[in-house]
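Remarks on the structure that follows.
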Amino acid sequence: MTAFLIVLAVAAEAYLLGSVDTGILVSKYLYHDDVRTHGSGAAGMTNMLRTFGKKAAALTAVGDVLKGVVAVCLGRWLFGHLPADAAVSPYLGVYLAAILAVVGHSKPIYFGFKGGKGVLVGAGAALATEPIACLVLLVIFLVEVAITHIVSLGSIIIAALYPVLTLCYWLWKGTDAASLVFITVCCVLMGAYVIWLHRSNIQRLKNGTEYRFGEKKKENQ
């Protein structure tokens, strides 16, 4: 019973924390507007950048990454209180928190279940769980954006690579096979969800109409 309550607490804290959508709060209280009514309609860093500028984007990025870090750290701390005989993977706390934080960000209970696409929240979660893999993903993302200037494409690429690099990281750490399977499944689910959230971006990429970093903002793109 104690283990069940702890798992439930981790899921709740991660989802509710993820639902505190930084982009929406910044646009509402600093700019008296709702970023979701502009551009792509998402409450993420890219849409904040082209709608309100660099300061808004930076605040959003910091807030979203911190959400992921805090959600995972809380999940790890709560799982530290599991009974010694609990038949629960010790990795469940961090990866359940990571997934639910991304879900909360994309479907925030406080803002009508319409939020962002979870890339930076996922990055924060990855930073707290596998920092070396997170650094490699960041380098890949920056190189892709430097070449194409398409942020969404970089986000899709790192979401796809996230399970692979995480698997490599935990193999390097000498993690047992059962835990590797569990971690990989969790990362595949999170990566696939982030890619699914980018389905409109994928369509625009196919059409050649996707926003490129530095372009003049366009309403209702």
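After finding the eigenvalues of the alpha carbon gyration tensor for segment 85-179, what semi-axes result from the square roots of 5 times each, listed largest first in whole Å?
Three semi-axes, in Å: 25, 21, 8.
Report, in cubic angstrom per residue, the convex hull volume of the C-alpha atoms of the chain.
Convex hull of Cα atoms, per residue: 113 Å³.
What is the angle, in °, between the Cα long axis of helix 2-18 and the longest principal axis of the Cα atoms in the chain? Nearest 10 is fine, range 0 to 90.
Result, in degrees: 10.
Return the carbon/sulfur percentage of the accessible area of segment 1-139, one whole number, probe 1.4 Å, all protein chains in place.
Result for segment 1-139: 75 percent of the exposed heavy-atom area is carbon or sulfur.
Measure nothing but the geometry: give the 0 to 90° angle between the long axis through the Cα atoms of 177-197 and the longest principal axis through the Cα atoms of the chain, rounded to 10°.
20
In deg cm²/dmol and to the nearest 500, what is the mean residue ellipticity at 222 nm of the chain if only DSSP H runs of at least 4 residues count, each as -39500 (n - 2.57), divided by the residue total?
Dividing the helical sum by the residues of the chain leaves -23500 deg cm²/dmol.
What are the ³J(HN,Hα) couplings of segment 136-147, residue after residue, when phi is run through the Karplus curve with 6.51, -1.76, 1.60 and θ = phi - 60°? Round to Hz, x for glycine and proline.
Rounded to whole hertz, the list is 4, 4, 4, 4, 4, 4, 5, 5, 4, 5, 4, 7.
Quick one: helix 22-31 against the long Cα principal axis of the chain, what's the angle to the nearest 10°, folded into 0 to 90?
40
Report the label-to-label distance for LEU66 and ALA84 in nanometres (one decimal), using points 7 Å from each Cα along the Cα→Cβ vector.
3.9
I need the phi-derived Karplus couplings for segment 86-97: 6.51 cos²θ - 1.76 cosθ + 1.60, θ = phi - 60°, integer Hz, Gly and Pro marked x.
5, 8, 10, 4, x, 7, 4, x, 6, 7, 5, 4
Rounded to the nearest whole Å², what accessible area per residue is found for segment 38-154 with the 1.4 Å probe?
Computed with neighbouring chains in place, this is 42 Å² per residue.
Which cross-chain or sequence-distant (5 or more) residues have an amide H under 5 Å from the amide H of ALA86, H modelled 1.01 Å from N in plane?
none
Give a residue-ordered list of calculated ³J(HN,Hα) values for segment 36-42 (Karplus: 6.51 cos²θ - 1.76 cosθ + 1.60, θ = phi - 60°; whole Hz; x for Gly, Pro).
Once rounded to whole Hz, the list reads 5, 8, 10, x, 6, x, 8.
Which residue, LEU153, THR2, SER19, has the largest displacement toward the positive end of the dipole of the chain when charges sit on each Cβ (Lys, Arg +1; Asp, Glu -1)?
Final value for the positive-end residue is LEU153.
The values are calculated or read from the model by the stated rules, or taken from the named source; none is laboratory data. Please read these numbers as outputs of a predicted model, since none were measured by experiment. Every residue, glycine as well, gets a Cβ built from its backbone with ideal geometry; the counts of neighbours run over all protein chains shown. These accessible areas exclude ligands, DNA and RNA; they are computed on the full protein's heavy atoms, side chains included. Shrake-Rupley method; radii C 1.70, N 1.55, O 1.52, S 1.80 Å.
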